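Visitor: Right, I'll just put the structure down here and ask away after.
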Amino acid sequence: MIEPALPVKSANPLRTVRPAKTDETVNPEVGQASRAIRNLDWDLLWEKFGIATVLAFVWILAALATPRFANLDNLASVLRQSAFVGVAAVGMTIAIIAGTFDLSVGSTQALSAWTAVAIAPYFGVLPAFIAAVAVGGTIGLLNGSLVVLVRIPAFIATLGTMFLISGLTFILTNGQTARFNGKDFVWWGNGLIGNIPVPFILFLFCAAIGAFILHRTSFGRYVFTIGSNAGAAYVAGVPVGRTILFVFVVVGLFTGLGAALLGSRLYSAGPGLEPGFELNVIATVVLGGTRLAGGRGSMFGTVAAAILFATLSNVLNLNHVDAFVQRVAVGLVLLLALSVEGVRQRLVERWNRRQRPSS
Amino acid sequence: MLSKRAVFALFRLSPVGLTLLVVGVVFTLLTPTFLTLNNLLNVCTSASVVAIVGLGMTLAIASGNFDLSVGSTAAFAGCITMSLVPQIGVMPAIVSGVLSGGLIGWVNGLIVTELRVPAFIATLGMLTIVRGAALIYTRGRDIYLFGKTEYKMLSSGMTPVLLALALAVLFSVLLGQTRFGRHILATGSNIISARRVGVRTSYVLWGVFAIVGATAALSGLILSAQVLTGNGRLATGLELSAIAVVVLGGTPLTGGKASIPGTLLGSLLVAVINNGLNLLNVSVFYQNVTLGLLLLGALTLEALAAHRTLNRATA
């Protein structure tokens, strides 16, 4: 993983001004050991590998505690479950790194999935998937235009399109669920290649594309730059408007693909497909170590977080834990993972204060 | 009729108010039933549920934060109160319901200030946790309340409307006349400067989140009183409607500013449109479309106006 050679440190405005983080704190009075520890950049380590490590521990614990967890069928099902949120999360990761986000992915998912399921019986699988992705891309273009051309804040613009698209989907479908169980269509959501579920392979493929875009293209570099400081990026000649517009299109495209996969997995899709999907996607991205403030984040973390959420609900299911308790568990995991960074900051600050009692 | 100048003045004063006026006139002309006392009372009642939580949300947004957990808090408080009414009586149950909401809000505040989790994620986590807690508490079933018609008082007649108005007055005074209110606005416009000049921003945010939680709980109580049923799935999606109403009312998401009357008018506008569409026999499905279009339209106008003043300033 190569970080772009751009200022990507500390996008959180709360951090930069804490007294303990100003220039005085890096004075020579602070011990060598502390500086060595600080130089390790725990932020970056946690951000990149934190959730993957947690995931590894969770898998080991789950395998020890629940005998049924570690068998190939079950693992395949965990991985498959991770894909449906995961594919949309790939796009959302790029958006959040760019410092915006998209609340309309839930509505987009419903419309795209319905499109795919409705089209597949008449035109075949490939056109169905293309149509779903195209619907997503179009909605993304709409979002991007509203944010970039009309200059509505992303939160409200995508909140508006969320209501708009969800209403349109209900009107278009007349509230009915579309069904289709054609073999080559449902294979994409349910099939296996070897022992690996097809949607998971596609998820990894999407994540690889996303990582390539972020780390190997000028577009990706722009995304990081804009997320760190949009104003500075603009002054430095980064085409901010064009990039943000394209970011929203990318989110739409990935959401559309994930939606088609979900429709294929469920053999059906209706207008109220998955309420609260947008918040699940954002939760996954943020759990993966991507900063909501923008400028920092990794696709690797998003993949790990998607698998972690799927693992969590799988393990709880295997142990007959109530679906309601699962919600609590998911929320707690999110809060715990996200408070690690804040608690670490506080500890460092307290430690620094103890080092220099005079000030 | 209004002169052109008066219309412009009204638009500048309150775009949402003007829209409300226009929409109201249109529905009055299109349907015979819109402009009747009974119907208007219905509209006001349905507006006040969102308005109450919207007023709390206005404070949160003015302080530079969101609260995404209000829908779950509303459901949780509704369920708690419904099950407490038979045991401790109506008034104590209502008070403890509202307090439980305030407590949840205070926890939100703690997570934001002490664990330094961004409000968006902190309240997102609390959204699923509190919703789960409400569902666990009710075991996914409905809680019915038989024979306790005093509880119904909370949702009948003018009570919700009066509550919303009282809260609006209270919050206006709070924001305009008290130190706490000024601290909220200071925290929202620049938390760092506010801290530097001695505002205890943590305490401010605890207070704000507790207030949001309490208003959310009050909305939840009214919702549950309307049907005399407590349900863990109550008020799903209330958080985004509440934010939409606040934004429609002209409170900017950037923080530091609040428009209490705007929030009232915004929730009234949404309720009027939903009501009018119902009276016109338009499918419920169109209500979301109009809400979306309203939001986008309002913000487009605002963006265009900002653009114009900017151009005029630079020219």
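Visitor: Confirm whether residue A:202 is surrounded by fewer than 20 Cβ atoms within 10 Å (Cβ to Cβ), part of a helix (DSSP H, G or I) and in contact (Cβ under 8 Å) with a residue 24 or more places away in the chain.
Guide: Here the answer is yes, as residue A:202 does meet what is asked.
Visitor: Next question, about the same structure. Output the number of the condition that residue B:141 fails; it satisfies all remaining conditions of (1) more than 18 Å from residue B:56 (Cβ to Cβ); (2) part of a helix (DSSP H, G or I); (3) more than 8 Å from every other protein chain (Cβ to nearest Cβ).
Guide: If we test residue B:141 against (1) more than 18 Å from residue B:56 (Cβ to Cβ); (2) part of a helix (DSSP H, G or I); (3) more than 8 Å from every other protein chain (Cβ to nearest Cβ), just (2) comes out false.
Visitor: Now, a different point. Counting only residues that are in contact with a strand residue (DSSP E or B) (Cβ under 9 Å, 6 or more places away or on another chain) and at pLDDT below 85, which one in the stretch B:204-230 is surrounded by the fewest Cβ atoms within 10 Å (Cβ to Cβ)?
Guide: B:229
Visitor: Something else now. Take residue B:128 and decide whether it is hydroxyl-bearing (Ser, Thr, Tyr), closer than 17 Å to residue B:54 by Cβ, in a helix (DSSP H, G or I) and within 14 Å of chain A (Cβ to nearest Cβ).
Guide: no
Visitor: When you go through A:315, A:321, A:340 one by one, which is the residue that is over 21 Å from residue A:93 (Cα atoms) and either outside any helix (DSSP H, G or I) or within 12 Å of chain B (Cβ to nearest Cβ) (or both)?
Guide: A:321
Visitor: Inside the stretch B:271-289, can you point out the residues that are in contact (Cβ under 8 Å) with a residue 12 or more places away in the chain and within 14 Å of chain A (Cβ to nearest Cβ)?
Guide: If the condition is that a residue be in contact (Cβ under 8 Å) with a residue 12 or more places away in the chain and within 14 Å of chain A (Cβ to nearest Cβ), then B:273, B:274, B:277, B:287 are the ones that fit.
Visitor: Test of understanding: among A:33, A:70, A:118, A:20, which residue is in a helix (DSSP H, G or I) and at pLDDT 75 or above?
Guide: Going through A:33, A:70, A:118, A:20 in turn, the sole match is A:118.
Visitor: Take the stretch A:256-293 and flag every residue that is surrounded by 23 or more Cβ atoms within 10 Å (Cβ to Cβ), away from chain B (no Cβ under 11 Å) and touching a Pro at 6+ places or on another chain (Cβ under 9 Å).
Guide: Correct list: A:258, A:261, A:262, A:264.
Visitor: Quick one: residue A:126 ticks every box in (1) out of contact with any helix residue (DSSP H, G or I) (no Cβ under 6 Å at 6 or more places or on another chain); (2) in a loop (DSSP other than H, G, I, E, B) bar one, so which box is it?
Guide: Residue A:126 satisfies all of (1) out of contact with any helix residue (DSSP H, G or I) (no Cβ under 6 Å at 6 or more places or on another chain); (2) in a loop (DSSP other than H, G, I, E, B) except (2).
Visitor: Have a look at B:301, B:293, B:248 and point out the one that is in contact with a helix residue (DSSP H, G or I) (Cβ under 8 Å, 6 or more places away or on another chain), under 29 Å from residue B:25 (Cβ atoms) and at the interface with chain A (Cβ under 8 Å from one of its Cβ atoms).
Guide: B:293
Visitor: Looking only at the stretch A:74-93, count every residue that is touching a Lys or Arg at 6+ places or on another chain (Cβ under 8 Å) and surrounded by fewer than 24 Cβ atoms within 10 Å (Cβ to Cβ) and tell me the total.
Guide: Residues flagged as touching a Lys or Arg at 6+ places or on another chain (Cβ under 8 Å) and surrounded by fewer than 24 Cβ atoms within 10 Å (Cβ to Cβ) within the stretch A:74-93 amount to 2.
Visitor: In the stretch A:143-156, what count of residues is obtained for those that are more than 19 Å from the chain's Cα centre (by Cα) and more than 7 Å from chain B (Cβ to nearest Cβ)?
Guide: 4
Visitor: Going through the stretch B:144-158 one residue at a time, which ones are assigned to a helix (DSSP H, G or I) and without any contact (Cβ under 8 Å) to a residue 12 or more places away in the chain?
Guide: Scanning the stretch B:144-158 gives a single hit, B:149.
Visitor: Would you kindly identify the helices (runs of 4 or more DSSP H) lying entirely within the stretch B:203-315 that contain at least 1 residues that are closer than 30 Å to residue B:136 by Cα and of a type in the set (A, V, I, L, M, F, W, C)?
Guide: B:238-248
The values are calculated or read from the model by the stated rules, or taken from the named source; none is laboratory data. All values reported here derive from a predicted model rather than from experimental measurement. Methodologically, a virtual Cβ is constructed for each residue, glycine included, from the backbone with ideal geometry; neighbour enumeration extends over all protein chains shown.
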